[in-house]
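Rule-based calculations on the coordinates, nothing more; no lab input. Treat the numbers as computed from the prediction; the structure is a model and nothing was measured. Cβ placement follows ideal geometry from the backbone for every residue including glycine, while neighbour counts extend to all protein chains displayed.
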Amino acid sequence: FVEVVISSGIPSFSIVGMADATIMESRERVKAALRASGFVMPTDKIVVNLALVLKKTGSGFDLPIALGILAATGQINPEWVVGALVVGELSLSGAVRANVGMLGIKSAL
């Protein structure tokens, strides 16, 4: 479960919810991927909240974070991602890479 809030304030990009170092690095992958894909990376305050029920390791949160930002800024229809299971690492070019352990992620839900 990923929640994204975009608000006015000092420009920043925070990930909360006890994320590991790999997820914290996703900020840079998401920024680069969105720009490379022709989307606008907001310059406002961005807060990403990760659900407490899942193990928060690895780069599989890149895609849900990016989609959350796009939905929160109206660049995509939010209804497209509500209730969807989305996992994927983003390359700096915006390509989606597969993730190992999808079965474990699905069974944790």
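To the nearest 500 deg cm²/dmol, what mean residue ellipticity at 222 nm is calculated for the chain from DSSP H runs of n ≥ 4 alone, each contributing -39,500 (n - 2.57), summed and divided by the residues?
When only DSSP H runs of four or more count, the value is -9500 deg cm²/dmol.
Which value, in debye to the nearest 20, describes the size of the charge dipole of the chain about its Cα centre when Lys and Arg Cβ atoms bear +1, Asp and Glu Cβ atoms bear -1, and nothing else is charged?
Charge dipole of the chain: 120 debye, to the nearest 20.
Of all DSSP beta bridges in the chain, what percent run antiparallel (nearest 5)?
Here the antiparallel bridges make up roughly 60 percent for the chain.
How far, in degrees from 0 to 90, does helix 62-72 lean away from the longest principal axis of the Cα atoms of the chain, to the nearest 10?
Rounded to the nearest ten degrees, it is 40.
Rounded, prolate or oblate, given the Cα gyration tensor of region 1-61, with a/c below 1.5 counting as rounded?
Details: a/c = 2.14, a/b = 1.34, b/c = 1.59.
In terms of gyration-tensor shape, oblate.
What percent does the relative contact order of the chain come to when contacts are Cα pairs within less than 8 Å and at least six residues apart?
33 percent
Give me the angle, in degrees from 0 to 90, between the Cα long axis of helix 21-36 and the longest principal axis of the Cα atoms of the chain, rounded to the nearest 10.
For 21-36 against the chain, the angle is about 50 degrees.
Between [x] 43, 24, 19; [y] 65, 30, 27; [z] 37, 29, 26, which entry matches Cα extents along the principal axes in Å as derived from the coordinates of this structure?
The value matching this structure is [z].
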